Amino acid sequence: MPVLIPRSVDELVDIFQEHPTAKLLAGGTDYMVEVNLHGRKPETMISLRQVKELSEWSVRSTQRSITIGAGLPYADMEHGEIARLVPALAQAARTVGSPQIRAAGTLGGNLGTCSPAGDSLPVLAALNATIHVIGPDGNRDVEFSDFMIGVKKNSLRSAEFVHSVSMPIVDGWQGYAKVGTRNAMVISTASACLVRDSDEGIVSIALGSVGPTVIRCHGAENWLMKTMSLRAGSTLDPVVAQEFGQRVAQESRPIDDHRSTAEYRRHAVGVLAQRLLLRSFS
């Protein structure tokens, strides 16, 4: 099995166009499990580790946004400036596997695999992230809501790859939480990310592991924004938080599988949503 190693984005575009069925490999934390345990045998692999541009990140102060390269490891998001600007992403990054996994795993890997259990994906959904894609026909931007289209399915076209992800820097509170069978090194049974923009008075919440894709709970969001003020200085009635959690749970679409039951998952995301909302006012 040949492994091709581009050293620039332009070289990657050319190689991927020449080998459109090749598998892209950054950290390999997901795909190598398929190779080692499930007998996947790709004809060609393209290693992304030498494409330094994919591991860069930047802040646009004038646009109040941050752009993170698809190849930046989760370990680099756990602390420092990224964690200060996007705390929910840092919280999600800290829940990804072991330190070794976090040193290898990337946003691009989560987006390429598009598993509903991907820890970073509810954060990207709640923040209305934009996915920057490059391919043989040039560059294009895809809203996260249009990117993840099914269980482990995305809207990438032939020979396209994720270059980076942009998300707004929000004034307010944001948080991520998940439930699993143990406290660490676990695939989520249910997860949620809540973002409360106290300047604009809006809220967004996205759920993982409780549907074929990450789910934005627009119904619960709209109900909450009509029910109360979410701006700085407002207070939250615990009864409203409980109702919000119940409405979030109603929008989930979980299934029974070997990790959990649909009933438990629905209950769990309701509790997570309620707790996250309460924390945003504490």
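Please treat every number below as a calculation from the coordinates, not as lab data. These figures come from a predicted structure and were not determined experimentally. We place every Cβ from the backbone using ideal geometry, glycine too, and count neighbours over all the protein chains shown.
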Tabulate in residue order the Karplus-calculated ³J(HN,Hα) for the range 197-214, using 6.51 cos²θ - 1.76 cosθ + 1.60 with θ = phi - 60°, rounded to whole Hz; enter x for Gly and Pro.
8, 6, 6, 8, x, 10, 9, 9, 9, 10, 10, x, 6, 10, x, x, 9, 5
Kindly provide the pair-distance distribution of the range 172-280 built from C-alpha pairs, with 5 Å bins from 0 and whole-percent values in order of increasing distance.
2, 13, 25, 25, 16, 10, 6, 2, 0
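Which percentage, to the nearest 5, of the DSSP beta bridges contained in the chain is antiparallel? List each step's numbers first, then the result.
On the way: 40 of 45 bridges.
That works out to approximately 90 percent antiparallel.
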Could you state the angle between the C-alpha long axis of helix 262-280 and the longest principal axis of the C-alpha atoms of the chain, as a value from 0 to 90 degrees rounded to the nearest 10?
70 degrees
With springs only between Cα atoms under 10 Å apart, run a GNM on the chain and tell me which of ASP30, ASP237, ASP119 wobbles the most.
ASP237
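Take every DSSP beta bridge whose two residues both sit in the range 3-168, then give the antiparallel share in percent to the nearest 5. Don't skip to the answer; put the middle values down first.
On the way: 23 of 28 bridges.
Here the share of antiparallel DSSP bridges comes out near 80 percent.
To make sure I understand, if each residue's beta carbon is the centre and we count other beta carbons within 10 Å, what order do HIS163, HIS258, HIS19 fall in, fewest to most? Spell out each step's value before the answer.
Working: HIS163 22, HIS258 4, HIS19 16.
Neighbour counts put them in this order, fewest first: HIS258, HIS19, HIS163.
Roughly speaking, what is the stretch gain from SER158 to THR44, that is 0.36 nm per residue apart minus the C-alpha to C-alpha distance, in nm to one decimal? Walk me through the numbers on the way to the answer.
Details: separation 114, 0.36 × 114 = 41.04 nm, distance 1.51 nm.
In short, 39.5 nm is gained.
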Can you tell me the length gained on complete extension of the stretch ARG279 to GLN242, counting 0.36 nm per residue apart and subtracting the Cα distance?
12.0 nm
Quick one: how many lysine pairs does the chain have with C-alpha atoms less than 22 Å apart and a gap of 8 or more or different chains? Give me the count, please.
7
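Once R0 is set to 25 Å, what does the formula 1/(1 + (r/R0)^6) return for the Cβ-Cβ distance between ILE187 and HIS79, expressed as a FRET efficiency to the nearest 0.05? Mind showing how you got there, number by number?
On the way: r = 23 Å, r/R0 = 0.94.
The computed FRET efficiency comes out at 0.60.
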For the chain, modelled as a Gaussian network with Cα springs under 10 Å, which listed residue fluctuates most, VAL165, VAL210, VAL59?
VAL59
Please give the helix 238-251 orientation as an angle from the longest Cα principal axis of the chain, in degrees from 0 to 90, rounded to the nearest 10.
40 degrees
If you line up the long axis of helix 9-18 against the longest principal axis of the chain, both from Cα atoms, how many degrees apart are they, to the nearest 10?
70 degrees
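In the range 160-250, which GluC sites (Glu not before Pro) fall in coil by DSSP and have 15 or fewer other Cβ atoms within 10 Å? Write out the running numbers ahead of the final one.
Numbers: sites: GLU160, GLU200, GLU221, GLU243; in loops: GLU160, GLU200.
Taking the range 160-250 and a limit of 15 other Cβ atoms within 10 Å, the loop GluC sites (Glu not before Pro) found are GLU200.
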Spin-label proximity, ASP257 to the range 97-136 - amide N less than 12 Å from point 7 Å beyond Cα toward beta carbon
114-118
Using the scaling law 2.2 N^0.38 Å as the reference, what is the normalised Cα Rg of the range 91-230?
1.07
Residue-by-residue Karplus 3J(HN,Hα) for the range 131-137, coefficients 6.51, -1.76, 1.60, Hz, glycine and proline x:
9, 8, 10, 10, x, x, 9
Asserting the computed 222 nm helical MRE of the chain (DSSP H runs at least 4 long, -39500 (n - 2.57) per run, divided by residue count, to nearest 500) equals -9500 deg cm²/dmol
Rg and Dmax of the chain, Cα atoms, in Å?
18.9, 60
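Determine one quarter of the surface area of the Cα convex hull of the range 131-207, which equals its mean projected area, and express it in nm² to one decimal.
On the way: hull surface 27.6 nm².
So the Cα hull casts an average projection of 6.9 nm².
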